[in-house]
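The values are calculated or read from the model by the stated rules, or taken from the named source; none is laboratory data. Fair warning: this is a prediction, and the values are worked out from it, not measured in the lab. Here the Cβ positions follow ideal geometry from the backbone for every residue, glycine too, while neighbour counts run over all protein chains shown. These accessible areas exclude ligands, DNA and RNA; they are computed on the full protein's heavy atoms, side chains included. Shrake-Rupley method; radii C 1.70, N 1.55, O 1.52, S 1.80 Å.
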Amino acid sequence: MYRLALNMLFGDRAKLAMLLCGLAFSALLMAQQSSVFFGIMSWTYTPMVNIRAQVWVSDPMVEQVNDAKPLRDTDLGRVRSVDGVAWAAPLHTSFVQARMQDGNFKLITLVGIDADTFAGAPAVLTQGRIEDLRLPDTVIVDEWGAALMGRMTVGPDGKPRNTPLKVGDTFEVNDIQARIVGICKVRRAFTGGPFVYTTYDRAKGYTLGARRTLSFMLVEPQKGVTPAELCDRIERDTGLKAWTSDTVIWSWGERSLARNTFWWFWTNTGIPFSFGTAVLLGLFVGIAISGQTFYSFVLENLKYFAAIKAMGAGMGVIARMLFVQAFTAGLIGFGLGAGMAQGIGRVMIEKGMPPFVMYPQILWATFALVLGISFVSALIGIIKVSRVDAASVFRG
Amino acid sequence: MSHLAHTVAVRASGVDMFFGTPENQVVALQQADFEARRGELIMLVGPSGCGKTTLLSVIAGTLTPQAGTVEVFGQRLDGLGQEELTAFRRKHLGFVFQSFNLIPTLTVMENVMVPLLIQGRPYDEAHARSLAIIDKVGLKGREEGRPNALSGGQQQRVAIARALVHEPPLLICDEPTSALDKDTGGHIMQLVRDLSRSPERCVVVVTHDHRIFRFADRIAEMEDGRISRVVDDPKLLDTTHL
Ligand SMILES: Nc1ncnc2c1ncn2[C@@H]1O[C@H](COP(=O)(O)OP(=O)(O)OP(=O)(O)O)[C@@H](O)[C@H]1O
Ligand SMILES: [Mg+2]
């Protein structure tokens, strides 16, 4: 009978196509919406992606990467003396006002990196060389930031036009000149505007007001020492807090700074809520569409199930037939939808907008939801068939 | 008496069947008595709304009457639960409906296989037996087509093949010819008679269609929820030997 159940499902190509479209579209909607949501949320741990250090060390009270509580410069030496540390470099991050040539002020994220190791430097420079940071008063600005800090001018066609900052342009931070020697490509962050990279020592100058400037230490373990092991040693020997930089937000290990940052935003800000409502809307629409398409499929077949029931099929057999149909349709629909989401995701990741992170968990959850919807629809169908009077088959 | 019990295929006695709420009650059957013998084709006739379909449903175990007893091939239906009634239908009954009730998304072959598959027969056996009966109803070569591609008469042939493929003792037909033209209806009834005529079998046909009365061994007339008269017209009986 299960073979017949499948043939019933595949027998009407047009209706099958409708059903699969509904299921696939809702799977796509659910996967895509959630992926964009997690994409936006993944901006919270952007520093971990951009800075690429194996181990981060912070003040013990730090909970997430945006809330740097400054360390003492002497802490650097203490960390360097911990067994298993290959090297440790200082990192400064802060939000400061930059004064542009036209007199406007822009809030920037200042990143000061160690001038010897360049630990924490951006991975991709589209213009200039990282070594140019060793020249006086130099900075490297990220591509997107260069546009944000650009000048509004009137083009030849009379329309306003934004001219991004380019190599050679200057601006001021705390009355100290900053000259752009390079443009880099970095991932966007949730907080903070343009990323302005400079050396750690110069960053100290740019933030002359600040008493302490050591936000984090970036540490490289020696060969054979895992980041997690090194974290344990650093915490034991220095009393500071040490983090791994892996961006697996689903692990329950306490070590990942990315994970802590992600969930800190999750619990302490309204961001998940405001973006989550859009996702929920997508979920509801998806559930409604697939539930509706499946349900109408069941309704259309109700008459035939009633006939099968009159001919002597027990409810057990009919229930299994409906489940076979539901799960088969759910499986195919999910496959199509997830495939489309992957395809769309690839395009989005290439363009970078909107942000798109499709965790395997999203696919699993979508899979579970689609199957859940199929299951519930089949269940409703089963209840309907069980209620339908077998004698009704004699009527017109 | 024991001889009589031997010849009885279906017996319904004192059957009451009401529909609706107590305030707004429709009496479909009232103290209905009905008997069909083994080896016969009996027709149920009567005006619209007199309770023919309801009586058929009660005999088929798809409706449970409020009063009375029903016995089919020695099996009492009263007191059986839903699952037992279902099992009873699976084993003892074949159905031919006015609206054919063929599943449009399945092939002719698959439609005919349904009763055997419901019985849990292996697919290959069901296939072979279905092929044989499709041949008997004259649709050889059409088994892989869809029912909708067939004419009304051909569709009803498929329904007959489906009703008989598992060789049920009792064949129940509700207005099997009313959707068909005269000649086709005659052919269909001829087929039903040819395929189901045997001492172990019984055919009950509800019909309005006087053109097929000649296929009946006996005709039971219904009126207001009960059998009013059973005629044994020898003339009609004679035509059955054609
Ligand atoms: N499920 C039901 N609910 C309520 N009333 C019903 C139901 N089934 C039948 N009836 C009523 O019971 C009576 C007998 O109906 P039944 O269908 O048995 O008549 P019939 O002799 O088969 O008529 P027809 O020749 O028009 O098919 C009618 O008055 C009908 O309205
Ligand atoms: Mg009727």
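Counting every pair of alpha carbons in segment B:1-84, the share spaced more than 14 Å apart comes to 65 percent.
Stokes-Einstein diffusion of segment A:326-396 at 4 °C, 1.567 mPa s viscosity, Kirkwood radius from Cα pairs, rounded to a whole number: 88 µm²/s. Across segment B:47-90, the residues whose backbone nitrogen lies under 13 Å from the label position 7 Å along the beta-carbon direction of B:Q30 are B:50-51. A crude spin-label estimate for the pair A:W250 and A:R211, with each label 7 Å from Cα along the Cβ direction, gives 4.5 nm. Working from label points 7 Å from Cα in the Cα-to-Cβ sense, the A:R52 to A:E300 distance is 5.4 nm.
Here, chain A is characterised by an Rg to Rh ratio of 1.17, where Rg is the alpha-carbon radius of gyration and Rh the Kirkwood radius. The value given for segment B:140-189 is a Kirkwood hydrodynamic radius of 11.7 Å, derived from the mean inverse Cα-Cα separation. Under 21 Å of direct C-alpha separation, and excluding same-chain neighbours fewer than eight residues apart, A:K241 reaches these lysines: A:K69.
Here the Kirkwood formula, the inverse mean of 1/r across different C-alpha pairs, assigns segment A:75-187 a hydrodynamic radius of 15.7 Å. Estimated from the Cβ-Cβ distance and a Förster radius of 35 angstrom, the FRET efficiency linking A:S392 and B:D194 is about 0.70. How fast does segment A:49-246 diffuse by Stokes-Einstein, in µm²/s, taking the Kirkwood radius from C-alpha pairs at 20 °C and 1.002 mPa s? The estimated diffusion coefficient comes to 122 µm²/s.
Using r as the Cβ-Cβ distance of A:Q127 and A:N174, and R0 as 22 Å, what FRET efficiency do you calculate, to the nearest 0.05?
My answer for the efficiency is 0.30.
About its Cα centre, the dipole of segment A:49-246 is roughly 400 debye, where the only charges are +1 on Lys and Arg Cβ and -1 on Asp and Glu Cβ. Taking a point 7 Å out from the Cα of B:Q119 in the direction of its Cβ, the residues of segment B:133-154 whose backbone N falls within less than 20 Å of it are B:133-138.
Could you compute the net charge surrounding A:R179? Neighbours are other residues with a C-beta less than 9 Å from the C-beta of A:R179; K and R count +1, D and E count -1. Net of charged neighbours comes to -2.
Report the calculated FRET efficiency for A:D232 and A:T267 (r = Cβ-Cβ distance, R0 = 30 Å), to the nearest 0.05.
Using R0 = 30 Å, I get an efficiency of 0.70.
Database remark: amide H of A:A86 closer than 5 angstrom to the amide H of A:E220, A:Q222 (H placed geometrically; neighbours at sequence offset of 5 or more, or on other chains; Pro and chain starts carry no H).
Here the Debye sum runs over all C-alpha atoms of segment A:159-205 as equal scatterers in vacuum, and log10 of I(q)/I(0) at q = 0.20, 0.30, 0.32 Å⁻¹ comes out as -0.88, -1.27, -1.27.
Extension gain for B:Q66-B:E167 works out to 33.3 nm (0.36 nm per residue, less the C-alpha to C-alpha distance). Between amide H atoms placed 1.01 Å from N, distances below 5 Å from A:K69 occur with A:D59, all of them 5 or more places distant or on a separate chain. For segment B:98-171, the set of GluC sites (Glu not before Pro) satisfying both a DSSP loop assignment and a count of at most 14 other C-beta atoms within 10 Å is given as B:E144.
Ranking B:F34, A:M358, A:L379 by how far each Cα lies toward the positive end of the dipole of the protein assembly as shown (charges on Cβ) leaves A:M358 at the top.
Based on protein heavy atoms only, chain A ends up with 45 Å² per residue of surface accessible to a 1.4 Å probe.
Projected onto planes of every orientation and averaged, the convex hull of the alpha-carbon atoms in chain B covers 13.8 nm². The Cα trace of segment B:60-188 gives Rg and Dmax of 15.5, 48 Å, the first to one decimal, the second as a whole number. For the pair A:V376 and A:M18, label points projected 7 Å from Cα toward Cβ lie 2.2 nm apart. Dividing the Cα radius of gyration of segment A:145-239 by its Kirkwood radius returns 1.14 for Rg/Rh.
Under 4 °C and 1.567 mPa s, how fast does segment B:63-125 diffuse according to Stokes-Einstein, given a Kirkwood radius computed over C-alpha pairs? Answer in µm²/s, whole number.
Calculated translational D: 93 µm²/s.
Amide H contacts of B:Q31: B:V15, B:D16, B:M17, each under 5 Å away and 5 or more positions distant or on a separate chain (H built 1.01 Å from N in the peptide plane; Pro and chain starts excluded). Rolling a 1.4 angstrom probe over segment A:49-246 with all protein chains present gives an accessible area of which 50% lies on carbon and sulfur atoms. Shape index of segment A:35-139: Rg/Rh, with Rg the Cα radius of gyration and Rh the Kirkwood radius from the inverse mean 1/r over Cα pairs, equals 0.99. Normalised by residue number, the volume inside the convex hull of the Cα atoms of segment A:171-311 is 272 Å³ per residue. Anisotropy class assigned to segment A:274-326 is prolate, per the alpha carbon gyration tensor with a/c at or over the 1.5 cut-off and a/b larger than b/c.
Apply the Debye scattering formula to segment A:92-158, with a single equal point scatterer on each alpha-carbon and no solvent, then give log10 I(q)/I(0) at q = 0.25 Å⁻¹. Reported log10 I(q)/I(0), two decimals: -1.31. For the residue pairs A:K309/A:K384; A:K159/A:K185; A:K159/A:K351; B:K52/B:K182; A:K185/A:K351, alpha carbon separations beyond 18 Å are given by A:K159/A:K185; A:K159/A:K351; B:K52/B:K182.
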